[in-house]
Amino acid sequence: MQTFTEKALNVIKQIPAGKIMTYGQIAATAGSPRAARQVTRILHSMSAKHELPWHRIVNAQGQIVLRDEESRLFQRISLQSEGVEVDGNDQIDLNRFRFDPVIEEER
């Protein structure tokens with residue numbers, strides 16, 4: 001049986017270029033809907049080691065929320081280079097750019 005961390009890593013690795021997921025969406029897909037903060041910790045501690053596409057993860061409102069200006073700018077530029085539209089408030093249209101692995105699995 002996989003741990004929550006292993007499941008979350010697998011979900012994160014599935015996010016394709018040009019798509020985003022929310023912290024809570026990843027937590028729910030990995031089997032623990034209330035573990036959005038745990039997803040944040042996983043990203044912080046394991047992104048480099050597992051080469052995670054951390055830049056494809058935003059908050060529940062579809063907004064880039066990194067406090068560090070350099071990291072926020074990197075995330076914005078990375079998403080835009082993949083075709084994700086980010087407005088002046090670092091907001092992304094979830095209806096248009098959200099990735100849903102459950103729907104993808106059904107295809």
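The values are calculated or read from the model by the stated rules, or taken from the named source; none is laboratory data. As the structure is a prediction and not an experimental result, all values here were calculated from the model. Every residue, glycine among them, receives a Cβ derived from its backbone with ideal geometry; neighbour counts consider all protein chains shown.
Observations on the structure shown:
- When segment 90-99 is filtered for residues that are out of contact with any strand residue (DSSP E or B) (no Cβ under 7 Å at 6 or more places or on another chain) and touching a residue at least 24 places away in the same chain (Cβ under 8 Å), the ones remaining, listed by number, are ASP93, LEU94.
- Residue within segment 55-63 that is in contact with a helix residue (DSSP H, G or I) (Cβ under 9 Å, 6 or more places away or on another chain), modelled with pLDDT of 95 or more and in a helix (DSSP H, G or I) present: yes
- Matching residues in segment 40-93 - criterion: being in contact with a Gly (Cβ under 8 Å, 6 or more places away or on another chain) and surrounded by 12 or more Cβ atoms within 10 Å (Cβ to Cβ): ALA60, GLU82, VAL84, GLN91, ILE92, ASP93
- Applying the set (1) under 17 Å from TYR23 (Cβ atoms); (2) at pLDDT below 95 to GLU106 leaves exactly one unmet item: (1).
- Boolean, GLN25 is surrounded by 20 or more Cβ atoms within 10 Å (Cβ to Cβ), in a helix (DSSP H, G or I) and among the polar types (S, T, N, Q): yes
- Of the residues making up segment 30-79, those that are touching a Lys or Arg at 6+ places or on another chain (Cβ under 8 Å) and either more than 18 Å from ASP93 (Cα to Cα) or in contact (Cβ under 8 Å) with a residue 40 or more places away in the chain (or both) are ALA30, GLY31, HIS50, LEU52, PRO53, ARG56, GLY62, LEU79.
- Meets criteria (modelled with pLDDT under 95, more than 14 Å from the chain's Cα centre (by Cα) and either assigned to a loop (DSSP other than H, G, I, E, B) or not hydrophobic (A, V, I, L, M, F, W, C) (or both)) for GLU70: no
- Residues in segment 1-22 that are assigned to a helix (DSSP H, G or I) and either touching a residue at least 60 places away in the same chain (Cβ under 8 Å) or within 14 Å of VAL102 (Cβ to Cβ) (or both): LYS7, ASN10, VAL11, GLN14.
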